[in-house]
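A short write-up of the structure that comes next.
The values are calculated or read from the model by the stated rules, or taken from the named source; none is laboratory data. From a predicted model like this one, the values you see are computed outputs, not experimental measurements. Neighbour counts are summed over all protein chains in view; Cβ atoms, including those assigned to glycine, are modelled from backbone coordinates with ideal geometry. Keep in mind that these areas ignore ligands, DNA and RNA; they rest on the heavy atoms of the full protein, side chains included. Shrake-Rupley method; radii C 1.70, N 1.55, O 1.52, S 1.80 Å.
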Amino acid sequence: MSSEESERRYRRIEDLPGVGPSIANKLRELGFHTVESLAMATIRELVQVGIGKKRAFEIINAARASSSLSFIRADELIEKRQNILKLTTGSKKLDALLGGGIETQAITEFYGEYGSGKSQIAHQLCVNVQLPVERGGLDGGALYIDTENTFRTERISQMAEHMGLDPQEIFKRIILAEAYTSDHQMFLLENADRVIKENNIKLIIIDSLTAHFRSEYIGRESLAERQQKLNQHMHKLIRLARAFNAVAFVTNQVMSSPDVFFGDSIRPIGGHIVAHTSHTRIYLRKAGRGPVRIARLVSSPYLPEGECVFRITENGIEDVEENERR
Ligand code: ADP
Ligand code: MG
């Protein structure tokens, strides 16, 4: 490929060499509506819908060249990592625990018991992502994939008003998608690329990542299939987060494992697949009966483990006052 050709930018998938109307339709069926998402496709995915292997290779390569995703040198990697942005949680302590906020281009998982505050953080992020970068936002919109019907506009209003923002304007930049089953949840994400691009989405939430999978795949015999589907789902998520420089935020429940005799027997759902695919994992728990929560950074690619406290009030996610009792 000449350097001139490799620098060519294609705007729509139809503009890619080898993509006519019929192939474009097949690509859309697979959920590839944009050149950015196609750059992250695998040949196997395209072959599934009857596109020839060689053609699939060429299409993906052209999409990659157009989105400048190929081999890079380490110094270029530094530059790429400089594109990573950080989204504030609303609590300075929690941001510090996360190394300055929640990173784009990666999956951040918050797990914890019912009522520990996972969905509250998700709501707060929907407001915060709309802030300008100087205020810790990403100047973008949010996509909220809701599997448990927990999204509440009332909560968004309270948080927005507290920050001096007009709730009506904030609502306009939050796109909701209710997922009825795990297959539906996967389908929504697989077809999210266009919505993400058209609405300048910078935050993709899946609340909860695992609930449908957990309730539908019961018993040992279905475990392998569940894990394979979860793996596929999370890989789609990471590809979208990278393609659009967005935050991927997922929530997860916990279960207590009976086989653990020492230490904490509380474990997040999803086993090794979720553990290895989430880049950053935070374990949330209540500190007594009040609004205070404890966040524990359990795993991160480059940050040390640690803990902090924050609180959930009518205003949203906040730091704990110095003199506040736990
Ligand atoms: P999870 O998603 O982890 O199950 P949630 O994020 O739904 O838990 O957290 C629910 C908790 O958040 C409530 O038990 C309450 O402590 C707190 N909370 C929710 N709404 C408000 C509010 N308007 N004012 C103060 N605290 C609230
Ligand atoms: Mg919840």
*With every protein chain present, what is the per residue accessible area of the chain (1.4 Å probe, Å²)?*
51
_Distant-in-sequence amide H partners of Leu138 (H built 1.01 Å from N, under 5 Å)_ = Gln130, Leu131
*Unit charges on C-beta of K, R, D, E only; dipole of segment 1-120, Debye*: 160
*So how tilted is helix 153-162 from the main axis of the chain? Cα-based, degrees 0 to 90, rounded to 10.*
70
*Keeping the other protein chains in place, figure out the carbon and sulfur percent of the accessible area of the chain, with a 1.4 Å probe.*
50
*Antiparallel bridge percentage (DSSP; both residues within the chain; nearest 5)*: 45
*Given the pairs Lys54/Lys202; Lys54/Lys229; Lys26/Lys118; Lys54/Lys197; Lys53/Lys172, which are separated by over 32 angstrom at their Cα positions?*
Lys54/Lys202; Lys26/Lys118; Lys53/Lys172
*With each run of n ≥ 4 DSSP H residues scored as -39500 (n - 2.57), what mean residue ellipticity at 222 nm is computed for the chain after dividing by its residue count and rounding to the nearest 500 deg cm²/dmol?*
-10500 deg cm²/dmol
*To the nearest 10 degrees, how steeply does helix 118-128 sit against the main Cα axis of the chain, on a 0 to 90 scale?*
70
*Relative to the present Cα-Cα distance, how much length would full extension add between Val195 and Leu77 at 0.36 nm per residue of separation?*
39.7 nm
*Work from the charge dipole of the chain (Cβ charges, +1 for Lys and Arg, -1 for Asp and Glu, about the Cα centre) and give the residue of His212, Thr153, Gly90 farthest towards its positive end.*
His212
*Residues whose placed amide H lies under 5 Å from that of Ile282, excluding near-sequence neighbours*: Glu109, Phe110, Tyr111, Val298
_Counted charge near Gln124, where neighbours are those whose Cβ lies closer than 10 Å (Asp, Glu -1; Lys, Arg +1)_ = 0
*About the Cα centre of the chain, what is the dipole size in debye to 20, counting +1 per Lys and Arg Cβ and -1 per Asp and Glu Cβ, all else neutral?*
540
